[in-house]
1. Give just the number: which of (1) farther than 19 Å from Gly194 by Cα; (2) in contact with a Gly (Cβ under 8 Å, 6 or more places away or on another chain) does Leu28 not satisfy?
2. Give Ile282, Ile245 a once-over and let me know the one that is under 16 Å from Val166 (Cα atoms), modelled with pLDDT of 95 or more and in contact with a Phe, Trp or Tyr (Cβ under 7 Å, 6 or more places away or on another chain).
3. Could you list, in sequence order, all residues of the stretch 162-195 that are touching a strand residue (DSSP E or B) at 6+ places or on another chain (Cβ under 8 Å) and on the phi > 0 side of the Ramachandran plot?
4. For Leu225, are the conditions met, namely being of a type outside the set (S, T, N, Q), on the phi < 0 side of the Ramachandran plot, open to solvent by less than 20 Å² (accessible area, probe 1.4 Å) and in contact (Cβ under 8 Å) with a residue 40 or more places away in the chain?
5. Take the residues in the stretch 178-222 that are within 30 Å of Thr246 (Cβ to Cβ) and basic (Lys, Arg), then tell me which one is least open to solvent (accessible area, probe 1.4 Å).
6. Sort out which residues of the stretch 267-301 are in a loop (DSSP other than H, G, I, E, B) and touching a strand residue (DSSP E or B) at 6+ places or on another chain (Cβ under 6 Å), and write them in order of number.
7. Among the residues of the stretch 107-134, write down those that are under 18 Å from the mean Cα position of the chain (by Cα) and under 21 Å from Phe272 (Cβ atoms).
8. Just to be sure before I move on: is Glu145 open to solvent by 60 Å² or more (accessible area, probe 1.4 Å) and in contact (Cβ under 8 Å) with a residue 24 or more places away in the chain in the structure I sent?
Amino acid sequence: MSEETARSRVLVVGATGRLGGSLVRASLAAGHPTFALIRPHHFALPDSAPLKPLAAAGATILKGSLDDYPSLLEAVRQVDVVICAVPTKHALEQKPLIRAIKEAGCVKRFIPAEFGVDHTKVQICDMDHGFYEKKAEIRRLIESEDIPHTYIYCNFLMRYLLPSLVQPGLDAPPRDEVTIFGGGDTKGIFVEEGDVAKFTVCTIEDPRTLNMTLYLRPPGNIYSLNELVSLWETKINKCLKKIHITEEQLLKNIQNAPFPLKMDLIFIYSAFVKGDHTYFEIDSRSEGTQLYPDVKYTTVSEYLDTLV
């Protein structure tokens with residue numbers, strides 16, 4: 001393959017996580033030489049279990065970590081694009097990664113561990129227990145260092161809250177009664193992990209998304225709680241008893257709830273009462289399904305079919 005047609009070389013940090021693994025597979029499927037940065041302790045596990053699927057898929061495994069700067073710099077120097085998929089609680093650990101990207105000087109695009117909700121739009125920053133400030137600090141650092149970047153916001157991953165039909169504490173959708181938070185008409189967004197990865201990889205060589213934000217708002221995945229419940233009732237052919245929790249009561253429940261239930265309720269309040277996923281307009285040029293109409297994605301209805 002000539003230099004002109006060579007695909008960008010991609011490093012995925014956090015590759016042993018669920019989203020990270022999906023990013024590795026999507027990158028490889030798109031024809032990118034793909035590297036996975038793996039922490040040393042994984043190599044000591046019997047049969048190196050977390051590494052096998054990545055290596056079998058065709059990824060190049062690199063030993064290193066965010067707290068081992070020389071290994072980080074060595075990994076970054078081998079690639080054109082860096083994608084980070086560490087959990088939000090570890091967001092600040094991206095600081096040495098940004099330093100390595102700056103020092104290496106070869107990275108054409110950094111996709112940080114943003115994903116989730118656009119923290120510049122959330123209306124609950126006074127009650128999120130610092131959850132979004134970590135991401136905001138990283139975003140400020142990326143921009144102050146003039147790191148070429150793309151931010152990806154998918155709102156909720158389908159594996160979060162949707163398996164219980166947004167009923168904290170349940171591990172499957174209800175069959176008898178269901179709680180509706182707030183008025184039930186405010187819409188949230190769910191995107192399946194593998195689809196987030198596919199849309200993310202689409203941006204890698206797309207000049208339209210350089211130093212831009214990509215929102216994922218798939219038309220079949222934007223639902224209010226009332227719509228979700230109605231869809232589920234249709235699928236199980238049964239009408240559920242509705243329990244309505246007012247905004248005032250939800251705020252009291254949040255105040256009294258222990259962790260991690262407290263954070264689940266906060267995110268429900270953010271999405272389905274305050275409308276933090278959908279209250280603001282976005283340009284069609286910054287929405288994933290508009291930019292990449294050929295990407296097939298799992299709809300909420302299709303996902304719920306697997307739970308019936």
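1. Condition not satisfied by Leu28: (1).
2. Working: Ile282 fails: under 16 Å from Val166 (Cα atoms).
One residue alone meets the criteria, Ile245.
3. Initially, the stretch 162-195 is screened for residues touching a strand residue (DSSP E or B) at 6+ places or on another chain (Cβ under 8 Å), giving 162, 165-167, 176-182, 184-193.
Within the stretch 162-195, Leu165, Val166, Gly182, Gly184 meet the criteria.
4. Values: of a type outside the set (S, T, N, Q): yes; on the phi < 0 side of the Ramachandran plot: yes; open to solvent by less than 20 Å² (accessible area, probe 1.4 Å): yes; in contact (Cβ under 8 Å) with a residue 40 or more places away in the chain: yes.
It is true that Leu225 is of a type outside the set (S, T, N, Q), on the phi < 0 side of the Ramachandran plot, open to solvent by less than 20 Å² (accessible area, probe 1.4 Å) and in contact (Cβ under 8 Å) with a residue 40 or more places away in the chain.
5. Arg217
6. Residues of the stretch 267-301 in a loop (DSSP other than H, G, I, E, B): 273-283, 292-299.
His277, Thr278, Ile282 - these are the residues of the stretch 267-301 that are in a loop (DSSP other than H, G, I, E, B) and touching a strand residue (DSSP E or B) at 6+ places or on another chain (Cβ under 6 Å).
7. Phe115, Gly116, Val117, Asp118, His119, Thr120, Lys121, Val122, Asp128, Phe131, Tyr132
8. Working: open to solvent by 60 Å² or more (accessible area, probe 1.4 Å): yes; in contact (Cβ under 8 Å) with a residue 24 or more places away in the chain: yes.
So Glu145 passes the test.
The values are calculated or read from the model by the stated rules, or taken from the named source; none is laboratory data. The shown structure was predicted, so the numbers you read here are calculated from the model rather than taken from an experiment. When we count neighbours, we look across all protein chains shown, and the Cβ atoms used for this are built from the backbone with ideal geometry, even at glycine. These area figures cover heavy atoms from the full protein model, side chains too; ligands, DNA and RNA do not enter into them. Shrake-Rupley method; radii C 1.70, N 1.55, O 1.52, S 1.80 Å.
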